[in-house]
Amino acid sequence: MDHEQLKALDQAHTLQTYGRFDVDIDHGQGATLWDLSGRKYIDFTSGIGVCSVGYGNPRWAQAIYDQAMKLGHISNLFYSQPYAELADALCVRSGMAAAFFGNSGAEANEGIIKLARKYSFDKYGQGRSTIITLNNSFHGRTITTLTATGQEVFHQYFFPFMEGFRYADANDLESVKAQDQGDVCAVLLELVQGEGGVLPMEQAFVTALAALCAEKDWLLLVDEVQTGIGRTGSLFAFQQYGITPDAASFAKGIAGGLPMGGFLVNEKCRDVLGPGTHASTFGGNPICSAAALTVLDILDEPTLEAVKEKGAYLRARIDAMDKKSIGKSRGMGLMIGVAVQDGYTNKALAASLMDAGLLVLTAGPALRLLPPLTITKEEMDAGLAIMEKTLV
Ligand SMILES: *Cc1c(COP(=O)(O)O)cnc(C)c1O
């Protein structure tokens, strides 16, 4: 099959919900991909922050094969070792108390929203169910997580949306306090807004927000779907902000390319969701859990340190580029946003980079780089050389 045949087949029989780039991808190795015609690309996307340990990682593939041959699925009615081991590994490395596993970021956020409302119901009864989220955030595509998403463009078509969400401005504690009408149970935020444009929260805001939540007994919910699992140079971004959230959701990078999401809760919240209150048929499936355990194994401390160094290297090289089309970089670890200057669009810049053999993402008005965490110096240099040569 060639590119045009694939495009025709895709357009004939798939819902056209995605504005796809005019590129197909056939296979990959490390942070390098090839299309159907054999053309090579350097990858600064990792499938939107998912393929954290690179394409074709042999340890990851072997773990999946071994678990598939042993037990592919069993349901959560039975104990299974990969599930328990993964929960243990995540808690030991994050300081959290307990884990729940599902299949996606949106599902993980639904879980922590349920957690917050039940925590508050158990303690205070009805009427304290509002969750404050931030403008410009992104929390998912289900009706509830669309409602939680603080961007008007997402609040269209699918009416009615959920009750019980109010929006505050990022990095503005007064704006958060202004949403308090005595009915709040939690605040939900991304520590680096991903889809919004790779915008890190200010340390002072996060520290003050954590104190406010503690004072009001609001749960502090951190959406680490994009920032989590090593992306920012620590297992979770909250570890670098020096806070312990009541719950943190994760998904994208956790299983290195298999669908998995979930959330961690602290000691205070470990018994909130008791038997019968929450479930997911595929959640913590043995194959996904085995893949995730291998991802955590690969992302040991030296590898996470290297994520910080690689991010600093990419940003220094990008900031040193003298280009009319781009401005300064921002971000944490290997979650990098690059400002796009007036007169240029991120979509057009991304398309020209792809034509030249470098895959990048867009977010808000910016370019967004989420390379595999295991990307090599040679691959980074090859991608940077394409940026140097292609961007005006
Ligand atoms: C991608 C993303 C989600 C949604 O994850 P899905 O797996 O697509 O449901 C939620 N929150 C954040 C911060 C994300 O980046």
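The values are calculated or read from the model by the stated rules, or taken from the named source; none is laboratory data. This structure is a prediction, so every number in the text was calculated from the model and none was measured. FYI the Cβ positions are ideal-geometry reconstructions off the backbone, even for glycines, and counts take in every protein chain you see. What goes into the accessible areas is simple: the full protein's heavy atoms, side chains included, and nothing from ligands, DNA or RNA. Shrake-Rupley method; radii C 1.70, N 1.55, O 1.52, S 1.80 Å.
A few points about this structure:
- By the Cα gyration tensor, the range 242-392 has an equivalent ellipsoid whose semi-axes, rounded to whole angstrom, run 36, 17, 16 from largest to smallest.
- Solvent-accessible area per residue for the chain (1.4 angstrom probe, square angstrom): 44
- With the convex hull of the Cα atoms taken as the outline of the range 59-298, the averaged projected area works out to 12.7 nm².
- Environment charge at GLY150 (Cβ cut-off 12 Å; Lys +1, Arg +1, Asp -1, Glu -1): -4
- Mean silhouette area of the range 91-157, derived from the convex hull of its C-alpha atoms and averaged over all directions, reads 6.1 nm².
- Once the Cα atoms are used to define both axes, helix 3-13 deviates from the longest principal axis of the chain by about 30 degrees.
- The range 188-329 has equivalent-ellipsoid semi-axes of 29, 22, 13 Å, by the square roots of 5 times the alpha carbon gyration tensor eigenvalues, sorted largest first.
- Packing rank of 215-228, 367-380, 16-29, where each peptide gets the mean count of other beta carbons within 10 Å, highest leading: 215-228, 367-380, 16-29
- Altogether, the Stokes-Einstein calculation at 4 °C and 1.567 mPa s, with the Kirkwood radius of the range 45-128 over Cα pairs as Rh, returns a diffusion coefficient of 81 µm²/s.
- Close Lys-Lys pairs in the range 59-298, where close means Cα under 24 Å and separation is 8 or more or interchain: 14
- Atom-type composition of the exposed protein surface of the range 59-298 places 56 percent of the accessible area on carbon and sulfur (1.4 angstrom probe).
- Chymotrypsin sites (Phe, Trp or Tyr not before Pro) within the range 46-87: DSSP coil, no more than 10 neighbouring Cβ in 10 Å: PHE78, TYR79
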